Amino acid sequence: MKKIALIGSTGSIGTQTLDVVRQHPGQFEITGLAAGGNIGLFAEQVNRFRPKKASVATKELAERVRPQLPEDVQLYYGEQGLIEVAAGTEAETVVTAIVGSAGLPATIAAIEAGKHIALANKETLVTAGHLVTEAAGRKGVALLPVDSEHSAIFQCLNGERIEEVRQITLTASGGSFRDLTREELRNVTVEDALKHPNWSMGAKITIDSATMVNKGLEVIEAHWLFGLPYEQIGVLLHPESIIHSFVEYRDGSVIAQLGTPDMRVPIQYALSYPRRWPSEAKRLSLAEVGKLHFREMDYNRFPCLRLAFECGKIGGTATCVYNAANEVAVARFLSGNISFLQIETIIETVLSKHDVQEEPDLEGIRSADRWARNMAESL
């Protein structure tokens, strides 16, 4: 059996990862589970999969959930708990499904421990792509993409030479507000923003999809995963989310990966690679779909995506600050503290006040992250 650890087990990607595990009995052993504050679901998961190590967000939560867990499960909490689950078990592969920059230390620790990474935490590469890719290369571990777009590119590149790629294109659904004008965005509500038309995702990622920050983070992640300059990375609006992404080669050939919108497919591929196992996902019928639609990306309509490209080209701590400012802004929007359009205003203002540090070490990244969060809270 393949031994895996999962951080972010109660989130959208985490629960769907465990769905994949349930669909393939006898194929996996869960050695570690880590979650945040949803201790009810977390206790069910631990009792179902019996990992050796488990972790929650705080000491208080650990004390509350301890009586509900098997006695032989070692329970941890906080950042050190994430590191224990990610790096301190016999897992061969660690699924990093935690949302936000909190997943970075645990991911680096797992790489240093020789674990392969099934990467669903895009902020890891956004904030510290140079450190993560260097460590993965040095330790000889694989970074296997879980995001549907990066999984698609990964599949389209199989057996091909990266030197022969002209461009990769990430498709974007456009999120909840893809058909609204800038003026119509002024009065949208949190409830409106959380109604994603295609995908089942957590609140933070759903808001990021509506602002197009999620696609911006994916552009930066693609740069590090595939080693391509930003000039060779494009984004295309594709409302149906059937073509998950595609690669154009220098001979004019275009290879695309298609499928119904179901995150369990790329999750499973990251866990089963290089094999393809049966899946419960709905089969794609192009005849039933009938038509697919595409629109050029409007960077004035989606300024957060433009900012992502600019930060990526600047490099250093710019991408870290972009991500941190967004995390704070989204949390403030979800709590009703700011309007939807103020998310992008906060990100741009924080970036305008930041002095970029080139080639930062981990402490430099953490320092920039803290500064950006404090600045975003103060605006």
Note to self: List the residue pairs whose Cβ atoms are under 6 Å apart, where the first residue sits in the stretch 30-53 and is touching a residue at least 24 places away in the same chain (Cβ under 8 Å) and closer than 17 Å to A110 by Cα, the second is among the acidic types (D, E) and open to solvent by 10 Å² or more (accessible area, probe 1.4 Å), and the two are 6 or more positions apart or on different chains.
What the structure shows: T31/E90; K53/E84
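Yes/no per residue for (1) at pLDDT below 95; (2) under 21 Å from A222 (Cα atoms):
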site	(1), (2)
T349	no, no
S352	no, no
Q357	no, no
P360	no, yes
R366	yes, no
S378	no, no
Note to self: So, in the stretch 111-124, exactly how many residues are at pLDDT below 95 and not basic (K, R)?
What the structure shows: 4
Next item on the list: Working carefully through the options A329, A308, A270, A324, find the one that is in contact with a strand residue (DSSP E or B) (Cβ under 7 Å, 6 or more places away or on another chain) and buried (at least 22 other Cβ atoms within 10 Å of the Cβ).
Entry: A270
Checklist line | Unique match (being under 16 Å from T211 (Cα atoms) and of a type outside the set (S, T, N, Q)) among E358, E377, E363, E348 | finding: E348
Note to self: Tell me whether the stretch 184-201 contains one or more residues that are of a type outside the set (D, E) and under 12 Å from the mean Cα position of the chain (by Cα).
What the structure shows: yes
Note to self: Testing I98 on (1) open to solvent by 20 Å² or more (accessible area, probe 1.4 Å); (2) assigned to a loop (DSSP other than H, G, I, E, B); (3) farther than 15 Å from S9 by Cα; (4) of a type outside the set (D, E, K, R), one condition comes back false. Which one is that?
What the structure shows: (3)
Notebook entry, point to check: If you take the residues in the stretch 231-254 that are surrounded by fewer than 17 Cβ atoms within 10 Å (Cβ to Cβ) and touching a helix residue (DSSP H, G or I) at 6+ places or on another chain (Cβ under 6 Å), which one is nearest to S285 (Cα to Cα)?
Noted result: Y249
Check: All but one of (1) in contact with a Phe, Trp or Tyr (Cβ under 7 Å, 6 or more places away or on another chain); (2) not in a strand (DSSP E or B) hold for R166; which doesn't?
Finding: (2)
Next item on the list: Look at G103 and say whether it is surrounded by fewer than 24 Cβ atoms within 10 Å (Cβ to Cβ) and either modelled with pLDDT of 90 or more or assigned to a helix (DSSP H, G or I) (or both).
Entry: no
Next item on the list: List every residue pair whose Cβ atoms lie under 8 Å apart, where the two residues are 6 or more positions apart in sequence or sit on different chains, the first residue falls within the stretch 343-358 and is within 12 Å of T319 (Cα to Cα), and the second residue, located anywhere, is open to solvent by less than 30 Å² (accessible area, probe 1.4 Å) and of a type in the set (F, W, Y).
Entry: I347/Y322; L351/Y322
Note to self: Quick test for you: out of E358, E327, E344, pick the one residue that is under 18 Å from L185 (Cβ atoms), among the acidic types (D, E) and out of contact with any Ser or Thr (no Cβ under 6 Å at 6 or more places or on another chain).
What the structure shows: E344
Notebook entry, point to check: What tally of residues in the stretch 1-54 results from selecting those that are part of a loop (DSSP other than H, G, I, E, B), of a type in the set (D, E, K, R) and surrounded by 19 or more Cβ atoms within 10 Å (Cβ to Cβ)?
Noted result: 1
Item checked: Positions within the stretch 178-201 being modelled with pLDDT of 80 or more and either under 25 Å from P266 (Cα atoms) or aliphatic (A, V, I, L, M) (or both), in sequence order -> R178, L180, L185, V188, V190, A193, L194
Next item on the list: Among the residues of the stretch 273-301, write down those that are in contact with a helix residue (DSSP H, G or I) (Cβ under 9 Å, 6 or more places away or on another chain), of a type outside the set (S, T, Y), open to solvent by less than 100 Å² (accessible area, probe 1.4 Å) and farther than 30 Å from E348 by Cα.
Entry: W277, A281, L292
Notebook entry, point to check: Which one of the conditions (1) over 24 Å from V21 (Cα atoms); (2) open to solvent by less than 10 Å² (accessible area, probe 1.4 Å) does H130 fail to meet, given that it meets all the rest?
Noted result: (2)
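The values are calculated or read from the model by the stated rules, or taken from the named source; none is laboratory data. Please read these numbers as outputs of a predicted model, since none were measured by experiment. We place every Cβ from the backbone using ideal geometry, glycine too, and count neighbours over all the protein chains shown. These accessible areas exclude ligands, DNA and RNA; they are computed on the full protein's heavy atoms, side chains included. Shrake-Rupley method; radii C 1.70, N 1.55, O 1.52, S 1.80 Å.
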